[in-house]
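Notes follow once the structure below has been shown.
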Amino acid sequence: MEYMYDLFSVIIHKGGCYGGHYHVYIKDVDHLGNWQCQEEISDTDVNVKAPQSEEEANDPLVVLKTILLQEEANQIPVDQLGQKLLKKTGISWNKKYRKQHGPLRKFLQLHPQIFLLSTDESTVSLLRYHLTQAPSDLQSCEHILHTLASESPGLNDDTSCPHWFDINDSKVHPIREEDITQQFQGKESAYMLFYRKATLQRPTEARANPRYRVPCHLLKEMDAANILLQMRRAECDSANSTFELHLHLGPHYRFFNGALHPAVSETESVWHLTFDKRKTLGDLRQSIFQLLECWEGDMVLSVAKRVPAGLHVYHTLDGDDLTLCEAEVADGEDIFVWNGVEVGGVQIQTGFDCEPLLLNILHLELSGEGSKCEQLVESPHVFAANAEVGTVFTALGTAAGAILMNSVESAEEECWTAIPKEDMKKTFREQGLRNGSLILVQDSDSDNRSLLPKQGRGTNSMNELNWLQVKNFCQSESEEKQLQIAVTMHTVVFDIRIKAIKELKLMKELAENSCLRPIDRNGKLLCPVPDSSTLEEAEVKMGSSVGLCLGKAPTSSQLFLFFALGTDIHPGAEMDIIVEETLSVRDCLKIMLEKSGQQGEMWHLRKMDWCYEAGEPLCEEDATLKELMIRSGDTLLVTEGKLPPPGHLKMPIWWYQPARLSGHCESLDHLNCAFSQGSSWRAAPTQGAPGPEPAEVSLLYLGDIEISEEATLMELKSQALALPSVSKLAVQSTALLRVWTVESKRPSRLLRTNWRQLKEYRLGRKAELCLELLQKEEDLGPQDVLLRTQLRIPGERAYSLATDLVWDTTRGWTAGSLRQRVADFYSLPVEKIEIAKYFPEKFEWLPISSWNQQVAKRKKKKNQDTLQGGPYYLKDGDTIGIKNLLFDDNDDFSTIRDDIGKENQKRLALEKKKSREVHRAQSSDLFSNAGMPARFRGPEASLSIHVASFR
């Protein structure tokens with residue numbers, strides 16, 4: 001035995017003397033690896049797919065137990081369990097079992113006698129009883145389970161016999177000992193064998209210990225590499241698992257003109273939320289509850305979409321257990337947040353069937369008071385898609401008549417089709433009408449002057465609709481301000497203009513310096529029509545009005561543009577210019593500034609969207625108007641502020657000064673005194689309903705910085721220090737600055753790692769940052785959470801000054817771990833403290849207990865034992881109140897400031913409710929005075945709800 005040696009390593013070289021490749025076979029003498037050959041995996045997969053009886057195949061207990069028995073230690077993450085099921089059976093859980101057994105996670109929870117879930121419900125394993133014997137009620141599956149258990153490497157592995165591994169660069173694979181002899185044969189291969197004495201025994205502490213006798217510098221290098229890899233995986237996972245949702249808040253909307261519209265502005269009515277798509281609808285609902293400062297009644301989340309008429313609600317998102325992906329919520333989805341019944345006192349119909357349609361209706365109206373001449377008027381109206389076609393008469397205030405549809409597919413001429421009387425009961429969708437469809441309405445008493453087309457074109461026998469009304473806008477003396485000119489659809493615009501100048505007895509010079517501009521129903525002058533085009537080519541309708549205006553019409557290479565200063569624009573307040581389509585955005589901006597009398601270079605252009613609001617800025621200032629798809633008639637907004645160059649960010653910088661939550665207000669004179677001379681600071685108000693601002697939020701404006709997205713966080717700190725306001729604070733080093741993003745005028749996300757580039761944080765163009773001064777340098781790891789802790793003063797409803805606490809969450813986000821960290825930090829017994837998280841937007845404290853599992857307000861099931869989820873949603877910067885039970889055993893965490901804040905919130909909510917009632921009453925009076933039918937409301941009835949007692 002003294003001269004017996006065991007082979008434990010083989011180094012292989014494949015190639016020649018001038019080059020090749022090395023890899024090694026090594027025996028795992030310390031049992032460090034997870035050994036399972038590919039043949040065993042394949043055999044196991046075959047056994048899973050082996051023919052079974054129909055009853056066995058339809059039993060999810062058998063299938064899940066079979067999969068778990070194949071896993072090492074019979075444990076697997078819950079998310080991967082569904083993937084394993086799909087891979088091994090060819091069908092997903094949702095398709096085969098969900099309808100009968102519910103979601104996979106819920107099914108596991110309902111069978112605790114078989115499956116064991118971890119505390120955070122992230123992993124699942126089999127109970128020990130089921131590892132050795134099959135349940136008696138599943139005798140038909142005993143053979144399958146026994147076979148799988150006997151072949152499972154986790155059960156039958158002979159731990160006394162080390163296994164071999166093939167280490168080839170970054171790839172490590174298990175290999176059988178008898179297969180090694182076949183791996184290095186041939187002329188191009190060379191090998192070296194390594195032996196060790198058979199009597200040489202490894203120490204027991206080296207078994208399954210990969211760090212045994214590894215040099216310290218290598219251990220540090222490996223740990224650093226593993227931490228970096230873990231951090232990058234977490235960042236990549238976060239970047240690939242989040243998307244943006246647009247939250248439309250129901251209280252900020254009003255229902256009119258057949259659809260939902262913002263009551264104030266688009267920016268105040270729509271909130272943008274970045275959310276993890278792997279979370280459930282219940283988590284999303286809880287997050288929205290946290291964002292809203294005060295919400296009355298139930299909260300319903302519904303999918304909404306923008307249509308030409310406004311915003312329409314389609315279907316409600318049900319099932320709080322479903323993830324956003326399972327609920328088919330897409331990136332950029334519009335979510336309407338409301339009570340599920342009414343908006344502003346009006347009951348809302350939802351669904352695709354009642355989608356609002358914006359239709360253009362042509363009908364005859366008198367052209368003026370006392371005039372017998374009728375004019376064909378086009379007006380937009382909104383109808384529900386499932387409404388009857390006959391409701392058009394009610395909208396126009398006529399008793400009955402004929403309705404004609406225009407075939408929009410006909411490009412050469414208008415083609416009308418009359419709707420039979422028996423089809424008046426059909427819906428608009430059944431008739432094939434859609435958004436933008438054109439219909440013509442004829443009164444029942446107009447039989448002798450029918451509007452039905454003779455040659456595909458509508459006419460009127462009394463007043464032939466072959467005329468155009470021309471109004472004089474040339475600001476010159478004329479006896480007649482308007483006249484009618486007989487025309488056809490093929491009449492050239494130049495002939496109409498010259499004839500109008502002659503009949504209005506205007507100066508002949510206007511023939512060279514005038515143009516015709518259509519007039520919309522609001523009286524606005526539109527883009528001039530070219531002289532060389534016909535009325536049909538210019539899309540000017542018969543019987544409409546045009547204006548004779550000064551100035552030449554644009555040529556084919558020119559654009560007629562409207563523009564206005566600022567973003568709060570009202571119709572009719574725009575100016576207009578004519579420019580070449582090859583003009584750059586920068587030159588176009590200069591012309592607009594000269595015409596409006598403005599100077600300077602701190603301006604940029606934005607294109608107005610269809611809602612008459614400022615859209616996205618025209619960032620490419622050197623691009624031509626034609627390249628940016630600018631068309632004649634578009635409206636551009638001249639907005640103050642210069643845009644940063646491409647690849648750069650322009651962000652406002654704030655100074656964040658944390659304060660305490662106690663009733664004693666601490667003055668900020670030690671900060672403001674540095675800016676008493678020639679400085680202008682402004683405080684940041686909190687978003688939401690006006691009210692008392694929480695004491696811990698104090699943001700002071702420093703200035704704006706412009707920086708490249710390629711710059712690092714350290715460079716951003718250095719540039720922020722160069723601001724005049726910051727230089728007065730005498731900050732010694734950038735290492736003493738902490739950077740937060742600002743959302744809703746509050747610090748939101750902590751930016752870590754000074755060497756990371758700004759583009760990796762995905763800040764966006766609307767990002768705002770705030771700086772916080774530190775007393776000493778800090779180096780937060782990816783698993784560290786920064787919390788503001790405050791110790792309650794015994795005998796008073798107040799707290800001491802906030803102290804930063806760093807909590808390492810490597811072992812989990814559990815309440816017990818946080819309580820132990822707080823107890824160690826304040827040198828108190830863990831059983832003698834109580835902690836609570838503060839919600840400043842609601843002036844409430846939520847106790848955090850390790851023995852009492854909280855139940856969510858809107859969910860029936862218990863939440864996962866993690867403080868990252870509801871109802872706590874713990875994150876960096878949250879405030880934690882600490883109570884020493886040795887001196888204060890009161891359950892109350894609140895302060896006097898919290899009582900005042902809640903009273904003010906109640907008062908504001910009551911004022912809002914009264915103002916809504918007043919607005920509702922005024923709207924009802926307005927509708928009744930206008931002769932509009934009031935909406936029928938049923939009588940009020942009492943509602944009795946019986947709630948059982950559950951234990």
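The values are calculated or read from the model by the stated rules, or taken from the named source; none is laboratory data. Quick caveat, the model's predicted, so the values are computed rather than measured. Positions of Cβ are generated from backbone atoms using ideal geometry, with glycine treated the same way; all protein chains shown enter the neighbour counts. Accessible surface is based on the protein model in full, side chains and every heavy atom, while ligands, DNA and RNA are left aside. Shrake-Rupley method; radii C 1.70, N 1.55, O 1.52, S 1.80 Å.
A few comments on the model shown:
- Complete set of residues in region 290-302 that are surrounded by 19 or more Cβ atoms within 10 Å (Cβ to Cβ) and either without any contact (Cβ under 8 Å) to a residue 40 or more places away in the chain or in a helix (DSSP H, G or I) (or both): 301
- Scope region 784-814; condition closer than 17 Å to residue 740 by Cα and within 27 Å of the chain's Cα centre (by Cα); matching residues: 784, 785, 786, 787
- Residue that is most open to solvent (accessible area, probe 1.4 Å) [pool: residues in region 490-510 that are outside any helix (DSSP H, G or I) and either touching a helix residue (DSSP H, G or I) at 6+ places or on another chain (Cβ under 9 Å) or in contact (Cβ under 8 Å) with a residue 60 or more places away in the chain (or both)]: 507
- Meets criteria (modelled with pLDDT of 90 or more, out of contact with any helix residue (DSSP H, G or I) (no Cβ under 9 Å at 6 or more places or on another chain) and part of a loop (DSSP other than H, G, I, E, B)) for residue 582: yes
- Just one residue in the set 718, 725 is at negative phi and either modelled with pLDDT under 85 or β-branched (Val, Ile, Thr) (or both); that residue is 725.
- Test result for residue 619, closer than 28 Å to residue 265 by Cα and not polar (S, T, N, Q): yes
- Once region 722-754 is narrowed to residues that are among the aliphatic types (A, V, I, L, M) and in a loop (DSSP other than H, G, I, E, B), the residue that is farthest from the chain's Cα centre (by Cα) is 730.
- Criterion violated by residue 608 - all others in (1) buried (at least 18 other Cβ atoms within 10 Å of the Cβ); (2) at pLDDT below 85; (3) more than 27 Å from the chain's Cα centre (by Cα) satisfied: (3)
- Qualifying position, being touching a Phe, Trp or Tyr at 6+ places or on another chain (Cβ under 9 Å) and at positive phi, among 817, 744, 827, 748: 744
- The single condition from (1) modelled with pLDDT of 85 or more; (2) charged (D, E, K, R); (3) open to solvent by less than 50 Å² (accessible area, probe 1.4 Å) that residue 254 fails is (3).
- Selection over region 511-556 of residues that are part of a loop (DSSP other than H, G, I, E, B), within 19 Å of residue 467 (Cβ to Cβ) and open to solvent by less than 20 Å² (accessible area, probe 1.4 Å) gives a count of 5.
- Of all residues in region 632-648, those satisfying the criterion of being more than 20 Å from residue 593 (Cα to Cα) and touching a residue at least 60 places away in the same chain (Cβ under 8 Å) are 647, 648.
- Residue match in region 16-31 (condition: among the β-branched types (Val, Ile, Thr), at pLDDT 65 or above, touching a strand residue (DSSP E or B) at 6+ places or on another chain (Cβ under 9 Å) and open to solvent by less than 20 Å² (accessible area, probe 1.4 Å)): no
Matching residues to (1) without any contact (Cβ under 8 Å) to a residue 40 or more places away in the chain; (2) under 30 Å from residue 627 (Cβ atoms):
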| site | (1), (2) |
| --- | --- |
| 515 | yes, yes |
| 524 | no, yes |
| 528 | yes, yes |
| 544 | no, no |
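- Scan region 768-783 for residues that are assigned to a loop (DSSP other than H, G, I, E, B) and either farther than 16 Å from residue 706 by Cα or modelled with pLDDT under 85 (or both) and the total you get is 10.
- Among the candidates 273, 311, 281, 260, residue that is open to solvent by less than 20 Å² (accessible area, probe 1.4 Å) and out of contact with any Gly (no Cβ under 7 Å at 6 or more places or on another chain): 311
- Applying the criterion of being among the hydroxyl-bearing types (Ser, Thr, Tyr) and in contact with a Leu (Cβ under 9 Å, 6 or more places away or on another chain) to the residues of region 516-563, the residue that is modelled with the lowest pLDDT is 544.
- From the options 306, 278, 285, residue that is among the charged types (D, E, K, R) and within 19 Å of residue 348 (Cα to Cα): 306
- A single member of 816, 812, 795 is open to solvent by 40 Å² or more (accessible area, probe 1.4 Å), modelled with pLDDT under 90, small (Gly, Ala, Ser) and assigned by the TED database to the domain that holds residue 872, and it is 795.
- Among (1) open to solvent by 50 Å² or more (accessible area, probe 1.4 Å); (2) within 36 Å of the chain's Cα centre (by Cα); (3) modelled with pLDDT under 90 - the single one residue 909 does not satisfy: (1)
- Residue under evaluation residue 600, criteria (1) exposed (fewer than 15 other Cβ atoms within 10 Å of the Cβ); (2) at pLDDT below 65; (3) over 30 Å from the mean Cα position of the chain (by Cα); (4) among the small types (Gly, Ala, Ser), criterion not met: (2)
- Of everything listed in (1) surrounded by fewer than 16 Cβ atoms within 10 Å (Cβ to Cβ); (2) of a type in the set (Phe, Trp, Tyr); (3) modelled with pLDDT of 90 or more, the single unmet condition for residue 807 is (1).
- Listed here are the strands (runs of 3 or more DSSP E) enclosed by region 228-267 that have at least 3 residues being touching a His at 6+ places or on another chain (Cβ under 6 Å), and there are none.
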